[in-house]
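To keep things clear, I will list the structure first and then write my remarks on it.
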């Protein structure tokens, strides 16, 4: 969708595709000596011409900020949506997301 300084925002037509893309990006740039942090959430977005916004976008950004180098970190929402996909996860615990109410349980998509 767009670049954000040293980051970018992308939308997908399914959460499993987003996870697989995130893992592929993290794996590909590692060979270049780079590490990326990827945060994923699934929710309603506001369409604004050639941009998106809304709470789901903010949640994904906050999750990405908590991801470790080379990690694809997802919300419990994303994990639940891909049940049965065979994608393994590691529980990263409940976290407070800056500017977002409540705690959010986060999971790392295993390589």
Amide N of region 38-78 lying under 17 Å from the label point, which is placed 7 angstrom from the Cα of residue 32 along Cα→Cβ:
38, 69-71
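Could you state the per residue volume, in Å³, of the convex hull enclosing the Cα atoms of region 51-109? Walk me through the numbers on the way to the answer.
On the way: hull volume 5.9 nm³, N = 59.
Convex hull volume per residue, Cα atoms: 100 Å³.
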Spin-label pair residue 9/residue 44, simplified geometry with 7 Å Cα→Cβ offset, distance in nm:
1.7 nm
Rounded to the nearest 0.05, what FRET efficiency do residue 21 and residue 95 have when you use their Cβ-Cβ distance and R0 = 22 Å?
0.45
For a quick size check, give me the Cα extents of the chain along its three principal axes, largest first, whole Å.
35, 28, 26
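If neighbour count is taken as other Cβ atoms inside 10 Å, put 38, 100 in order from fewest to most. Could the numbers behind the result be given before it?
Working: 38 25, 100 15.
Ascending Cβ contact count within 10 Å gives the list 100, 38.
Laboratory data are not the source of any read-out in this text; all were calculated from the coordinates shown. Note that the structure is a prediction, hence the values are computed from the model and not measured. Here the Cβ is made from the backbone with ideal geometry for all residues, glycine too, and neighbour counts use every protein chain on show.
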